[in-house]
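> What follows is a structure written as structure tokens; I'll ask about it next.
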Amino acid sequence: MSQRVLDRLSFGAKRAELDYLDKVGLRQWLAEQLTPTTEDPAVDDALKTAVLRISYGASPDFAAVNENRPLSLLDKTTPELWHLADGQNKIHYEERIRPLRELTAARLIRAAHSRWQVKEVMVDFWLDHFNVHAGDQSIAVAMPTFERDSIRKHGLGNFADLLHSVAKSTPMLIYLNNRSSRTGAPNENYARELFELHTLGKGRYLNDLYNKWRQVPGADKGQPEGYIDQDVYEAARAFTGWVVEDGRGIGNGANLPKTGKFAYLDTWHDPYQKRVLAKELDPFAPPMKDGEAVLNMLAEHPGTAHYLCEKLCRRFVSDVPPPALVASSTKVWSQHKRHPQQIARVLEHIFTSSAFIQATQVGGPQKLKRPLELAMSFVRKLDLPHAPSIQLANELSAAGQRLYLWPTPDGHPDVTDYWLTTQSMRRRWMLPMGLMDNWWATGNIAPEHLAKGFAKPVEETALIAHHAQMLLGKDHAQQDRKSVV
């Protein structure tokens with residue numbers, strides 16, 4: 001069962017990790033995974049030694065470049081990288097997009113090497129939940145900060161903290177147009193996705209009521225069960241003045257600085273009374289208090305607890321989450337709404353539940369690996385050498401998983417049907433072959449890598465049986481051998 005557990009909670013079960021899980025048990029392993037330290041020597045070494053190719057031809061404006069460079073931009077702040085997004089600076093596109101390329105390479109490295117596998121899987125989850133399309137260069141240069149200081153920092157912590165951090169992040173402010181939202185012309189894009197995708201979910205959108213807030217069930221008690229268009233419009237007003245320091249004019253000949261950082265612009269904020277989720281927001285509140293109040297209401301709403309727990313159960317247990325597990329997880333979520341490790345506590349509940357244990361047994365509900373999981377599982381389970389490459393990231397995109405480039409705010413679908421199209425399946429079959437034959441410059445795999453630990457001369461049947469067990473698990477490997485016989 002250990003391998004099946006790690007198949008759900010990691011990017012692939014290494015032999016040493018399977019042995020450790022068997023030794024200490026699931027609860028002890030989870031306790032360590034859900035409270036990760038900053039120590040991750042394998043990742044640190046891989047990040048320090050990794051190089052990524054950059055190449056472009058000569059032109060009247062640029063000299064030719066064709067070289068390997070280290071990953072030197074990952075720890076840079078958005079202000080340090082913002083000059084790359086300034087169209088007035090003569091900078092080649094490959095230099096402008098370099099921060100995103102390095103972040104993609106680091107994502108592959110961490111998935112392949114990190115000891116904190118649950119954290120990495122949850123980074124994958126939250127990047128989808130709070131999806132931004134990083135094709136815009138202003139978003140691309142801010143993505144290292146977004147992933148580091150919002151997603152990674154809060155991914156196992158408190159959801160309200162995560163929600164607040166994302167709301168003030170440069171990529172989200174740009175992607176959903178809130179940086180241009182001002183009094184008299186509020187932009188509702190962010191507010192709508194905040195309700196529909198980030199918190200309550202579209203299932204609680206009562207579109208037939210529109211502005212009849214008193215008719216929303218529970219509104220008379222100040223606890224509305226869902227939201228209406230009027231809530232979205234009023235919330236959009238609450239977030240006016242939440243901008244990015246992108247150099248734009250703000251009136252009277254003044255301009256914002258060019259740093260790429262979040263800023264609150266009081267002159268752009270609508271200060272008047274608002275009503276969101278049946279709660280009155282007083283006029284002329286202190287700076288940012290309107291928006292922060294909306295975020296807090298949504299973070300603590302029972303509908304958000306149910307929506308997020310259902311998504312987590314779908315990701316880790318089954319495409320059709322067991323209602324009882326969703327309900328019990330929702331209860332744990334609400335009980336820990338102020339806890340600094342709220343998300344970790346809910347994950348612990350899900351991963352130790354009978355529904356999860358049954359899902360990891362033979363005959364339990366299956367979850368198809370995403371392309372990134374499939375590729376990294378192959379690398380990790382066979383303990384193969386691995387170097388990151390943009391070519392591999394492009395192949396994952398062709399298989400359906402577009403790292404940082406999913407085009408719509410909803411993120412990748414988390415149901416098996418999406419990953420089972422003819423095109424994606426053909427690409428999935430090619431991933432192990434391409435990794436073995438180094439199609440994407442991820443590293444040469446020599447015979448000694450596959451025969452590591454075997455006495456020479458290597459007995460082929462034993463070698464095949466060993467790799468089958470590592471890739472498929474003991475139960476599946478035995479079944480497949482019987483079917484061949």
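The values are calculated or read from the model by the stated rules, or taken from the named source; none is laboratory data. Small disclaimer: the values here were computed from a predicted structure and weren't measured. No Cβ is skipped: glycine too gets one built from the backbone with ideal geometry, and neighbour counts run over all protein chains shown. Quick note on the areas: whole protein, heavy atoms, side chains included, nothing else; ligands and nucleic acids left out. Shrake-Rupley method; radii C 1.70, N 1.55, O 1.52, S 1.80 Å.
> With the requirement that a residue be open to solvent by 10 Å² or more (accessible area, probe 1.4 Å) and either farther than 30 Å from LEU30 by Cβ or of a type in the set (Val, Ile, Thr) (or both), what does region 153-169 give you?
Scanning region 153-169 gives a single hit, LYS168.
> Considering only residues that are of a type in the set (D, E, K, R) and farther than 18 Å from ALA359 by Cβ, look in region 1-28 and name the one that is most open to solvent (accessible area, probe 1.4 Å).
My answer is LYS23.
> Can you pull out every residue in region 29-60 that is in contact with a Leu (Cβ under 9 Å, 6 or more places away or on another chain) and either in a helix (DSSP H, G or I) or open to solvent by 50 Å² or more (accessible area, probe 1.4 Å) (or both)?
TRP29, LEU30, GLN33, THR35, LEU47, LYS48, VAL51
> Those residues that are over 17 Å from THR77 (Cβ atoms), of a type in the set (Gly, Ala, Ser) and not in a helix (DSSP H, G or I), I need them from region 140-169; list them, please.
The answer is GLY155, GLY157.
> Please go through region 192-244 and pick out each residue that is over 30 Å from THR170 (Cα atoms) and basic (Lys, Arg).
LYS212, ARG214, LYS221
> Within region 273-292, can you find the residues that are touching a residue at least 24 places away in the same chain (Cβ under 8 Å) and among the aromatic types (Phe, Trp, Tyr)?
Result: no residue meets the conditions.
> Quick check on region 170-186: of everything there that is among the hydrophobic types (A, V, I, L, M, F, W, C) and farther than 17 Å from PRO79 by Cα, which residue is surrounded by the most Cβ atoms within 10 Å (Cβ to Cβ)?
Only one residue tops the list, namely LEU176.
> Looking only at region 255-276, filter to residues that are in contact with a Pro (Cβ under 7 Å, 6 or more places away or on another chain) and of a type in the set (Ser, Thr, Tyr); which one of those is surrounded by the most Cβ atoms within 10 Å (Cβ to Cβ)?
Going through the qualifying residues, I end up with THR259.
> Considering only residues of region 319-340 that are polar (S, T, N, Q) and out of contact with any helix residue (DSSP H, G or I) (no Cβ under 6 Å at 6 or more places or on another chain), which is nearest to LEU368 (Cα to Cα)? Break it down stepwise before answering.
Initially, region 319-340 is screened for residues polar (S, T, N, Q), giving 328-330, 334-335.
With the extra rule that they be out of contact with any helix residue (DSSP H, G or I) (no Cβ under 6 Å at 6 or more places or on another chain), the set shrinks to 328, 335.
Values: SER328: 25, GLN335: 32 Å.
Per the stated criteria, the residue is SER328.
> LEU435 fails exactly one of the following numbered conditions: (1) free of Cβ contacts under 8 Å to residues at least 60 places away in the same chain; (2) not in a loop (DSSP other than H, G, I, E, B). What is the number of that condition?
(1)
> So how many residues does region 232-254 have that are in contact with a strand residue (DSSP E or B) (Cβ under 9 Å, 6 or more places away or on another chain), open to solvent by 10 Å² or more (accessible area, probe 1.4 Å) and closer than 17 Å to LEU295 by Cβ?
Going through region 232-254 one residue at a time, the tally reaches 2.
> Got a sec? Which strands (runs of 3 or more DSSP E) wholly within region 193-296 have at least 3 residues that are within 30 Å of LEU84 (Cβ to Cβ)?
242-246, 249-251, 258-264
> For region 126-148, give me each residue that is of a type in the set (A, V, I, L, M, F, W, C) and open to solvent by 10 Å² or more (accessible area, probe 1.4 Å). Let's see the steps before the verdict.
Going through region 126-148, the residues of a type in the set (A, V, I, L, M, F, W, C) turn out to be 126-127, 130, 132, 134, 139-143, 146.
LEU127, the sole residue that qualifies.
> Kindly establish whether LYS14 is under 21 Å from VAL123 (Cβ atoms), at pLDDT 95 or above and either basic (Lys, Arg) or over 23 Å from the mean Cα position of the chain (by Cα) (or both). Write out each step before concluding.
Values: under 21 Å from VAL123 (Cβ atoms): yes; at pLDDT 95 or above: no; either basic (Lys, Arg) or over 23 Å from the mean Cα position of the chain (by Cα) (or both): yes.
When the stated conditions are applied, LYS14 does not pass them.
> Just give me the residues in region 187-216 being hydroxyl-bearing (Ser, Thr, Tyr), open to solvent by 60 Å² or more (accessible area, probe 1.4 Å) and modelled with pLDDT of 95 or more, in sequence order. Steps first, answer last, please.
Residues of region 187-216 hydroxyl-bearing (Ser, Thr, Tyr): 190, 199, 205, 210.
Within this subset, residues satisfying the condition of being open to solvent by 60 Å² or more (accessible area, probe 1.4 Å) are 205, 210.
The answer is TYR205, and nothing else.
> Report yes if some residue within region 277-294 is touching an Asp or Glu at 6+ places or on another chain (Cβ under 7 Å), of a type in the set (A, V, I, L, M), closer than 20 Å to LEU163 by Cα and open to solvent by less than 50 Å² (accessible area, probe 1.4 Å); otherwise report no. First the steps, then the outcome.
Restricting attention to region 277-294, the residues satisfying the condition of being touching an Asp or Glu at 6+ places or on another chain (Cβ under 7 Å) are 277, 281, 287.
Restricting the remaining residues to those that are of a type in the set (A, V, I, L, M) gives 277, 281.
Of the ones still in play, those that are also closer than 20 Å to LEU163 by Cα are 277, 281.
Pick out the ones that are also open to solvent by less than 50 Å² (accessible area, probe 1.4 Å) and you get 277, 281.
Scanning region 277-294, I find at least one residue that is touching an Asp or Glu at 6+ places or on another chain (Cβ under 7 Å), of a type in the set (A, V, I, L, M), closer than 20 Å to LEU163 by Cα and open to solvent by less than 50 Å² (accessible area, probe 1.4 Å), so the answer is yes.
> What are the residue pairs meeting all of these: first residue in region 210-223, first residue at positive phi, second residue open to solvent by less than 100 Å² (accessible area, probe 1.4 Å) and part of a helix (DSSP H, G or I), Cβ atoms under 6 Å, and 6 or more apart or on different chains?
Taking only residues 6 or more apart or on different chains, the pairs are TYR210/ASP229.
> Right, another one. Considering region 297-306 alone, what residues qualify as being out of contact with any strand residue (DSSP E or B) (no Cβ under 8 Å at 6 or more places or on another chain), assigned to a helix (DSSP H, G or I) and either charged (D, E, K, R) or surrounded by fewer than 23 Cβ atoms within 10 Å (Cβ to Cβ) (or both)?
Selection gives ALA299, PRO302, GLY303, HIS306.
> Is it the case, given these coordinates, that ALA468 is open to solvent by less than 40 Å² (accessible area, probe 1.4 Å), touching a helix residue (DSSP H, G or I) at 6+ places or on another chain (Cβ under 6 Å) and small (Gly, Ala, Ser)?
For ALA468, the condition - open to solvent by less than 40 Å² (accessible area, probe 1.4 Å), touching a helix residue (DSSP H, G or I) at 6+ places or on another chain (Cβ under 6 Å) and small (Gly, Ala, Ser) - is met.
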